[in-house]
Amino acid sequence: MKKILLALVIASATMLSFNSCTKEYITNNSMLPGVSYVYENVGNWTRQGTSNTFFTDIAISDLDDRYFQDGHVTVSLQQIDELQGNRLVYEIIPSVVGFYNYNVNYSVGRVRIYAEYLGDQTTPVAPGPQVVKVVLTDADVGN
C-alpha cells in the first residue's frame, strides 16, 4: 500500500512539474485607437428647405475611410440634467433634448447633426450653440 501511495505522489509531482502555464499575448496592430473629440460652441445651423429641421457639419480629418467602413462613430450633446442636481451629462444622439429631436449621420471627413424643431411656434427656431462629443471607435471586420 505504501508503494502505491509513493508511486501516486511521485506521478503527481512529475505531472505538476511538466504542466506549466505560459501566457500568450495577442497584439493586433491593425486596429486604430479609439479617439474622442469635444467641440464647443457648435452652431452655424442651416435650415433644411422650409422644414422644421436644421443641420450643422463638423469636419473631422481623422474620420477616414477605415473608420467609415469598419469602425463606429458616436455623437452626443452635453446637457444639464436637472433631475441629477444640475449635473452635466452627455445625451447620445439620436435623442430628444428640449424642443429638438436630434439625429446624426456621418461620411468620410465629416459628421452632420440634424435638429428638428418640435416647438409650437410657426417659425422654427435654430438651436443655440452646443457642446458636442464625437467618439471614433475601431472594430475588426466581421464578414
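For every residue, the table says whether it meets (1) at pLDDT below 60; (2) farther than 22 Å from VAL131 by Cβ; (3) among the aromatic types (Phe, Trp, Tyr).
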site: THR14; (1), (2), (3): yes, yes, no
site: PHE18; (1), (2), (3): yes, yes, yes
site: ILE26; (1), (2), (3): yes, yes, no
site: VAL38; (1), (2), (3): no, no, no
site: TRP45; (1), (2), (3): no, no, yes
site: GLY49; (1), (2), (3): no, yes, no
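For the stretch 29-80, how many residues meet the condition of being among the aliphatic types (A, V, I, L, M) and outside any loop (DSSP other than H, G, I, E, B)?
9
Restricting to the stretch 105-136, name every residue that is among the aliphatic types (A, V, I, L, M) and part of a loop (DSSP other than H, G, I, E, B).
Once the filter is applied, which keeps residues that are among the aliphatic types (A, V, I, L, M) and part of a loop (DSSP other than H, G, I, E, B), the stretch 105-136 yields VAL108, LEU118, VAL125, ALA126.
Can you name the residue in the stretch 81-104 that is assigned to a loop (DSSP other than H, G, I, E, B) and out of contact with any Leu (no Cβ under 6 Å at 6 or more places or on another chain) and is also nearest to VAL134 (Cα to Cα) among such residues?
ILE93
Residues that are touching a Lys or Arg at 6+ places or on another chain (Cβ under 6 Å), within 30 Å of VAL141 (Cα to Cα), touching a residue at least 40 places away in the same chain (Cβ under 8 Å) and surrounded by 14 or more Cβ atoms within 10 Å (Cβ to Cβ): does the stretch 62-74 have at least one?
no
Scanning the stretch 87-128 for residues that are in contact (Cβ under 8 Å) with a residue 60 or more places away in the chain and of a type in the set (Gly, Ala, Ser), which turns out farthest from ASN52 (Cα to Cα)?
Within the stretch 87-128, the match that is farthest from ASN52 (Cα to Cα) is GLY128.
The values are calculated or read from the model by the stated rules, or taken from the named source; none is laboratory data. Just so it is clear, the model here is predicted, and its values are computed rather than measured. Cβ coordinates were reconstructed from backbone atoms using ideal geometry, including for glycine residues, and neighbour counts include every protein chain displayed.
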